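Encoded as structure tokens, the structure appears first; notes follow it.
The values are calculated or read from the model by the stated rules, or taken from the named source; none is laboratory data. None of the values given here were measured: they were computed from a predicted structure. Because the Cβ atoms are built from the backbone with ideal geometry, glycine has one as well, and the counts that use them run over all protein chains shown. Surface accessibility is based on the protein's heavy atoms, side chains included, excluding ligands, DNA and RNA. Shrake-Rupley method; radii C 1.70, N 1.55, O 1.52, S 1.80 Å.
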Amino acid sequence: MRRLLLAVPLVLAACGPKRGPSAEPLTVLPEFAMTAVGPDGESPFGLADLKGKVWIADFIFTRCAGPCPLMTARLAKLGERLPPEVSLLTVSVDPAGDTPGRLRAYARHHGADARRWVFLRGGTEETYRLLYAGFRLPMSTDPAAAPELRVTHSTRFVLVDRAGAVRGYYDALSDLENDALARDARRLLEAGS
């Protein structure tokens, strides 16, 4: 029994949030082809466009009645706290509903700076592949649900290094984890990772 009691704190410590970016990539993003929606139009966007910069990524849909608006507001605040060399990436998880016009209006409403904040949309298959195979995050769609409840997805922010590798996952709705993410993004910048 004593051994079991000693093991419990070790297990709980191993399950706790990480402090500092992962020393090794947690996963490497695959090649992908999506569309960046900006204030002046759309352009192709893929893995090559991510490389060379430190990114914080999140996943939302514009008609969301859940956490998406709060996640976007928190990402905007992170952007204000971080040097402009840290780029922001928002991936739509509702390709059918998030038209370019709707994404543009959403970005404008949230004060997104198009010089550093990219909004992506792609086809359904490419979106699922990028989330599951690339970012290793869950997502499900219920076509019978109301549009504002149609998609269930992760509320994690993801830290991506200059090589297109995931270096950390952070609860977007946690102030402590947002602080850790800001610190870790700065560390990656300083390390040249």
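Table for the structure above
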read-out: Selection within segment 93-116 - open to solvent by 30 Å² or more (accessible area, probe 1.4 Å) and not in a loop (DSSP other than H, G, I, E, B); value: Pro100, Gly101, Arg102, Arg104, Ala105, Arg108, His109
read-out: Qualifying residue in segment 68-84 (condition: in a strand (DSSP E or B) and of a type in the set (A, V, I, L, M, F, W, C)); value: no
read-out: Any chance Arg186 is more than 15 Å from the chain's Cα centre (by Cα), over 14 Å from Ala23 (Cα atoms) and either buried (at least 24 other Cβ atoms within 10 Å of the Cβ) or touching a residue at least 12 places away in the same chain (Cβ under 8 Å) (or both); value: yes
read-out: Residue match in segment 123-130 (condition: in contact with a Phe, Trp or Tyr (Cβ under 9 Å, 6 or more places away or on another chain), within 16 Å of Phe45 (Cβ to Cβ) and open to solvent by 30 Å² or more (accessible area, probe 1.4 Å)); value: yes
read-out: Evaluation of Asp49 against (1) surrounded by 21 or more Cβ atoms within 10 Å (Cβ to Cβ); (2) in a helix (DSSP H, G or I); (3) not aromatic (Phe, Trp, Tyr) (one fails), failing number; value: (1)
